[in-house]
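Each reported figure results from applying straightforward, stated rules to the coordinates on display, with no laboratory input. Here the structure is a predicted model, which means the values were calculated and not measured. FYI the Cβ positions are ideal-geometry reconstructions off the backbone, even for glycines, and counts take in every protein chain you see.
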Amino acid sequence: MIFKKVKMEDWFIKNTSCKHNFSESGVPDFTLDEFFQKIKINKSVLNNIFLGNNSTWGSSGLRKEVSCTYKDVKPNNLIITNGTSEALYIFFNLFLNSKSKVLLLYPAFPLLYLIPQALKAKVYFLDALRYENKAELLEKLILKINKIKPNLLIINIPHNPLGFTFNEKEIIEIAKTAKENKVDILFDEHYRFLPINSTKKIFTSGYGIANKFYNRVFATGSVIKCAGIVGIRAGWMIADNNTLNKIRDYKDHITHCVPLISEVITGLAVSNISKITKNYIENIKNNWSILKNSKLVKEGKIILNYELEGGCVCFPRISGINTFKLAEILAKKYSISIMPGEVFGKSGYIRINLSQKQKEFGNLLRKINHIIKNYGKV
């Protein structure tokens, strides 16, 4: 396979020294001490962790913790992977080839299309930024499924970087259309643990909704971006037994297992997720409100698209300045990192993380306004 470059990783590396980070797709990460203080557990629980080989399936403890966040998912319905990246890599390699057709919403997390493309699959993009609202987007998605009849439909909810999600009724409509066309569905649900405009503590899984009436449904998930533990690198895949067995066999040829110390910390994050995310969710809600009511939006310098429903990022359109140049000025002059839309193939947009403190977020908006107003002088 020949992979195309993941441009966002170059941006992260280039701007890793920035003091203020609004370019990441997860909440701010903890130190180990901070993490255990947050969940109010003594870190001596790590003292007796076995540092030898862990089960390729993942420990029974973590599989049980993860399964409890879903309806009708048992520990033996899932496998633990080294982040969702490994889950996606293995899944695509097992399911796709040069004759495969893949459909997904765009813009998207790059691995969702770069790996299928490396496998020579034909990838069809439905540009979500072309539509006025989610109802119109859903209508176009249904039409696209019926027209293309892809082998695989990828649904990322809550969506990165657009922030919307599909409700139960909408997921049922999508899944029924997929079933009629014999289309496999992969739900990428990395932000399930960050509901914003919802009374739920955790979003209901699309897998749990669709799997009730369709057996060609799969899901990948993780808690690392929602819990501030991205370096732990633990994720999971939910699938039928045959697929899980194939994934386990594949793991023997690459990473083999997730270190047990990573699994223990992940399990603690899952079981204490409300304690961890409470303040972050408040920050995201408040910063989203500040953004919507800002002078930048009122004057049309920032144009918002979908209402934020989950996750911690948004992807507004910027007028009056080249967005890559805007990101470069913020980084070089003010030590502020945002993600330019160019890394997603979408010039004119930026991805902003909303989980930072309100004071820092307000400063970001002021700097963006100043740069746009004085473009050519800064």
Under the helix-only model (-39500 (n - 2.57) for each DSSP H run of 4 or more, divided by the residues of the chain), the mean residue ellipticity at 222 nm, to 500 deg cm²/dmol, is -12500 deg cm²/dmol
Whole-Å distance linking the alpha carbon centroid of region 101-148 with that of region 282-339 is 24
Listed by chain and number, the aspartates and glutamates with an alpha carbon less than 14 angstrom from that of Lys251, same-chain partners under 8 positions apart left out, are Glu86
Here the net charge surrounding Glu86, from other residues whose Cβ is less than 11 Å away from its Cβ (Lys, Arg +1; Asp, Glu -1), is +2
Restricting to Cα pairs under 8 Å and 6 or more apart, the percent relative contact order of the chain works out to 24
Inverse of <1/r> over all distinct C-alpha pairs of region 166-225, i.e. the Kirkwood Rh in Å, gives 12.1
Among chymotrypsin sites (Phe, Trp or Tyr not before Pro) in region 37-81, those in a DSSP loop whose Cβ has at most 16 other Cβ atoms within 10 Å are Phe50
Lys246 and Asn215 label points (each 7 Å along its Cα→Cβ direction) are spaced in nm at 1.5
For Lys71, the lysines lying under 16 Å Cα to Cα, once residues fewer than eight places off in the same chain are dropped, come out as Lys200, Lys201, Lys212
Around Asn353 (Cβ within 13 Å, Cβ-to-Cβ, excluding Asn353; K/R +1, D/E -1) the net charge comes to 0
Mean Cβ-within-10 Å packing, highest first, puts peptides 189-199, 304-314, 321-331 in the order 304-314, 189-199, 321-331
For Lys359, the aspartates and glutamates lying under 15 Å Cα to Cα, once residues fewer than eight places off in the same chain are dropped, come out as Glu282
Nearest-0.05 FRET efficiency for Asn181 and Glu132 at R0 = 30 Å, using Cβ-Cβ distance, is 0.70
So, for the Cα atoms of the chain, Rg and Dmax in Å stand at 20.5, 61
